[in-house]
1. Sequence gap at least 6, Cα distance under 8 Å: using those rules, report the relative contact order of segment 178-317 to the nearest whole percent.
2. At 1.4 Å probe radius, can you tell me the per residue accessible area of segment 178-317 in Å²?
3. Between PHE206 and residues 5 or more places away or on another chain, which pairs have amide H atoms under 5 Å apart, with H built 1.01 Å from N, and which residues are they?
4. With axes computed from alpha carbons, what is the tilt in degrees of helix 110-124 against the longest principal axis of the chain, rounded to the nearest 10 within 0 to 90?
5. Once neighbouring chains are kept in place and the probe is 1.4 Å, which whole percent of the accessible area of segment 6-175 is contributed by carbon and sulfur?
6. In square angstrom, what is the accessible area per residue of segment 6-175 with a 1.4 angstrom probe?
7. Please report the accessible area of LEU56 (heavy atoms, 1.4 Å probe, ligands and nucleic acids excluded) in Å², nearest 10.
8. How far, in degrees from 0 to 90, does helix 260-274 lean away from the longest principal axis of the Cα atoms of the chain, to the nearest 10?
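The values are calculated or read from the model by the stated rules, or taken from the named source; none is laboratory data. Small disclaimer: the values here were computed from a predicted structure and weren't measured. As a convention, Cβ positions derive from the backbone with ideal geometry for all residues, glycine included, and neighbour counts pool all protein chains shown. The area values use the complete protein model at the heavy-atom level, side chains included, leaving out ligands, DNA and RNA. Shrake-Rupley method; radii C 1.70, N 1.55, O 1.52, S 1.80 Å.
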Amino acid sequence: MNAYPRSATANAGANIALIKYWGVRDATLNIPLNDSVSFTLDTTRTTTTVTFDPDLPADELLIGGEPAAPAATERASRHLDILREMAGVSWRARIVSENTFPMGAGIASSASAFAALTVAAAAALGLSLDTRALSRIARRGSGSAARSIEGGFVWWHAGIDDATSYAEQIAPPEHWDLCDIVAVVEEGEKRVSSAQGHLLAESSPFLETRLSLVHKALPRVREAILNRDLATLGPIIETDALAMHFVMMSSQPRLFYWTGATLDILKAIERWRDEGLPVWFTIDAGPNVHLICEANHRDAVATAARSLPGVRDIIIARPGPGATLV
Ligand code: DP6
């Protein structure tokens, strides 16, 4: 171990899925039921330093300077176990993590957190891994973290097992100046985590319908991204976000992530489009709405979003780089 750096720092972005991951084939390895497509975000990022220390009795996790909840520390510790086993190391680690965005602001921090943790810990342990290997490991911490290893526009191949489930870049961040303007309507922690939600997907009678729509949508989404064609992309991503929420709402037990403000924003977006503003939406496992538009309409969309009574805050992001060592 002495030869290794022992300590390393990495930075990774959250990502917004255009075709969503919802439902797992294998919940331990986070092998999803369907491929998904996202872009990695530039402003909503996590920086994590991992230091392996022979004198530490247990792994420690600090987020924003505060000791993390036991469940979060335990989840990070299990993730480090994967990397420790690969390196043949048993030392415990201190993990110090900072987000550029508030936790519970409607941006899932698990993707950027597990991507940064994977890259930092691998480097600290002296493991030299390519992006595919890093994506496979990050996936085991949080499914969507597989996509945050790569920058720009990213495709996660669902695969059928650990070796075949990883993310790849479709196009670099500078390919297309797309914006994600998050209309934050609620800042609390979500009531049902994605991990629990993925397990409920199979109980929805609409799951098969959504999966068949996704299979048709995926090649069209790739084309639209490569052609920078938001008029084609927009309706497809809205239909997929709605289809995912129909699966959620029809699961047993039901998952209602929306609030009244969520629906108000969806109706406002239709109105703005009718008035000539090209903006479309997607929604993750929460009530906040992600408004997707091109950079030349960013200010108009941000102003329009801010004017809605239910919107408490907005966060603006663009395609950003993948996970990197600092
Ligand atoms: C709705 O990656 O948060 O945001 O694998 O349990 O950590 P875990 O789930 P997570 O699920 C993300 C679900 C989603 C859609 C998406 O990002 O594709």
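1. 44 percent
2. Each residue of segment 178-317 exposes 47 Å² on average to a 1.4 Å probe.
3. none
4. 30 degrees
5. Heavy-atom surface of segment 6-175 belonging to carbon and sulfur, 1.4 Å probe: 50 percent.
6. 36 Å²
7. Result for LEU56: roughly 20 Å² accessible.
8. Relative to the chain, helix 260-274 is tipped by roughly 60 degrees.
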